[in-house]
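Down below is the structure, laid out as structure tokens.
The values are calculated or read from the model by the stated rules, or taken from the named source; none is laboratory data. Keep in mind the model is a prediction, meaning the values are calculated, not measured. Every residue, glycine among them, receives a Cβ derived from its backbone with ideal geometry; neighbour counts consider all protein chains shown. Ligands, DNA and RNA are excluded from the accessible area calculation, which covers all protein heavy atoms including side chains. Shrake-Rupley method; radii C 1.70, N 1.55, O 1.52, S 1.80 Å.
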Amino acid sequence: MRYSVFAVLIAVAAIGAVLGAAGVWYGWVALAVAGPLSALGLYDLRQTRHSLLRNYPVIAHMRWLFEGIRPEIRQYLIESDADAFPFNREQRSLVYQRAKQAVQTVPFGTQQDVYKPEYAYFTHSLAPRHPESFDFRITVGGAACRQPYAISLFNVSAMSFGALSGNAIQALNKGAKLGGFAHDTGEGGISRYHRQHGGDLIWELGSGYFGCRADDGGFDPDKFAKQAADPQIRMIEVKLSQGAKPGHGGVLPASKITPEIVEARGIPMGVDCVSPAAHPAFSTPVEFVHFLRRLRELSAGKPVGFKLCVGHPHEFMAIVKAMTQEDIYPDFIVVDGSEGGTGAAPVEFTNSVGMPLREGLHFVNMTLVGAGIRDRIRIGASGKIISGADIATALALGADWCNSARGFMFAIGCIQARSCHTNRCPTGVATQDPTRQRALVVPDKAVRVANFHRNTLVGFGEMLGAMGLDRPDGITVDLLHLRTSDPASLLHSRLTPGQLSRPDCLQPFALPWAEAQAASFARAG
């Protein structure tokens, strides 16, 4: 039976050849179909890479066919509206509807199980309000900042040119310009596509220092100062780690380096480009905060901060101790949750490394509160944020503003095909193939980006009013009810200003605070 299909194909090819020679036209048709498949079966029997093909010639190819279309079959035919993969259909549809200015309401009640663990909800007021404006903004810039920036409550999170196509970058930046919000460049440098439409930029500096990279791969202060002087750059963000692959560096092979990437990153052509896992410009918490101060000085006082996915708690606390010891404070910290996913990464990192956004955001906020410096530093949040409720949850846990990556990818046409790493994105979003990215029409998608941003903030504003509030900073953790199955969850621990240094400090924070030291990222003692 293993060879039955192969045998039938050989028989059909032979009969077709006989009939064709006898002048019967459909004999040639049978030979044209069965002949190549018979040849494929012979190859399957002789090849040595796949035992399945040797045992089931021809028919075993169906396995790879169905495996290839499995994500589409699951997405379109099997999963329900509430199945997350990683975004469920209800979430994706919300973005598509808001981007297209379509109907945004759902019928017949929620599809969520409101009694399951991890379900979250906000309490509402019997005296609701209506916000006067939905253009919510927060000023970023501490005492040492000379060019503070009024950032929108909702912005485009870090996605690099190279990971995204030039047309995708253009659509995002033009949409940011139309909507008056910020566009994070990602660590891949500032490309010509970022600059074309003049949308506000947050320049992200990874360990490769693209755009200010010295010949040896280190940091070049002169190149940085020249780049940072561009008025389109409104803030500078040092990336310590990202949610998709925290603690993981990368290498861009020379074969994949194009003239456009050379231009954006400031790297040589024909040489492997290495992004180390750790920054070469500093090695201790004290050195890091001094590096931040240097960037602020070189940028003529623009807001400077850093992004991280929280890992070892004592390491972040060591940075906080260095801040207070040296009296040097970043203007902002962006907390990236491990559920982030625009960067292709090894499955071990995607599934098992890093702190999720809720815990990481709450930990960073409480650490700054407990150290008595929360009022000096703004907090941004990123990690699977696409709706007004997601924004409200992040604000309740300590964020001042939110960033979204995949939400804005959906807005410009992403269908969650999960082929970002193959260069064969079907919608032209995550590819460098010029024929594929041509399908993404920049003027149309830029309007959708602006629509998604505006309608999401309207949804958030209406939710805010239902709580009896008219300002985002009125949302506190007391309004958020998060049902957790673990009574000892970090989310239940709250600190008061200065409590980290007092004997009554809560245990989830007391031990890592004692282990943290400003002079080193290693544990004390």
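Quick notes on this one:
- In the complete set of protein chains, residue-level accessible area for I15 is approximately 100 Å², probe 1.4 angstrom.
- Greater than 22 Å apart at Cα, pairs in K307/K384; K226/K445; K116/K384: K226/K445
- For the range 461-523 versus the range 1-32, the inter-centroid distance based on Cα atoms is 73 Å.
- For the chain, share of DSSP beta bridges that run antiparallel, in % to the nearest 5: 30
- Spin-label model distance (nm) - A39 vs Q232, 7 Å beyond Cα toward Cβ: 5.2
- R0 of 25 Å, Cβ-Cβ distance S352-T484: FRET efficiency to nearest 0.05: 0.75
- Relative to the longest principal axis of the Cα atoms of the chain, the long axis of helix 4-21 makes an angle of roughly 50 degrees.
- Restricting the calculation to Cα atoms, every distinct pair contributes to the Kirkwood radius of the chain, found to be 25.4 Å.
- Take 299-308, 399-408, 129-138, 350-359 and order them by the average number of nearby Cβ atoms within 10 Å per residue, most first; the result is 399-408, 299-308, 350-359, 129-138.
- Folded to 0 to 90 degrees: helix 89-99 orientation relative to the chain principal axis, Cα: 70
- Exposure of W28 as accessible area (Å², to 10), given a probe of 1.4 Å and all protein chains: 140
- Net dipole in debye of the chain [+1 Lys, Arg Cβ; -1 Asp, Glu Cβ; about Cα centre; nearest 20]: 1080
- Solvent-accessible ranking of K116, K100, K239, largest area first, probe 1.4 Å: K100, K116, K239
- Simple rule: put +1 on each Lys or Arg Cβ and -1 on each Asp or Glu Cβ in the chain, find the dipole, and look at A214, A34, V441; the Cα lying farthest toward the positive end is A34.
- For the range 207-336, the alpha carbon convex hull comes to 109 Å³ per residue, rounded to a whole number.
- Angle in degrees between helix 61-73 and the longest Cα principal axis of the chain, rounded to the nearest 10: 40
- If you wrap the range 298-353 in the convex hull of its Cα atoms and look at it from every side, the mean projected area works out to 5.3 nm².
- Heavy-atom accessible surface of the range 419-524: percent carbon and sulfur, 1.4 Å: 56
- In the full protein context, the range 359-421 carries 24 Å² of accessible surface per residue, based on a 1.4 Å probe and ignoring ligands, DNA and RNA.
- Given R0 = 60 Å, the distance between the Cβ atoms of D135 and T48 translates into a calculated FRET efficiency of 0.40.
- For A127 and Q101, the FRET efficiency from 1/(1 + (r/R0)^6), where r spans their Cβ atoms and R0 equals 30 Å, is about 0.45.
- Histogram of C-alpha separations across the range 405-446, 10 Å bin width, %: 32, 60, 8
- The packing ranking, built from the mean of other Cβ atoms within 10 Å per residue, places the peptides 30-40, 498-508 in the order 30-40, 498-508, highest first.
- Heavy-atom surface analysis with a 1.4 Å probe gives the range 232-273 a carbon and sulfur content of 57 percent of its accessible area.
- Selection from Q101, V156, V310, by position along the positive dipole direction of the chain (Cβ): Q101
- The residues of the range 96-183 expose on average 55 square angstrom of accessible surface per residue, using a 1.4 Å probe on protein heavy atoms.
- Computed across the range 379-510, the Kirkwood radius stands at 17.8 Å (inverse of mean 1/r, all Cα pairs).
- Averaged over its residues, the range 8-85 has an accessible area of 68 Å² per residue, based on protein heavy atoms and a 1.4 Å probe.
- Dipole of the range 1-144 [Lys/Arg +1, Asp/Glu -1 at C-beta], most positive-end residue of A60, N88, V8: V8
- Taking a sphere under 11 Å around the Cβ of K321 and counting the other residues whose Cβ falls inside, with K and R at +1 and D and E at -1, yields a net charge of -3.
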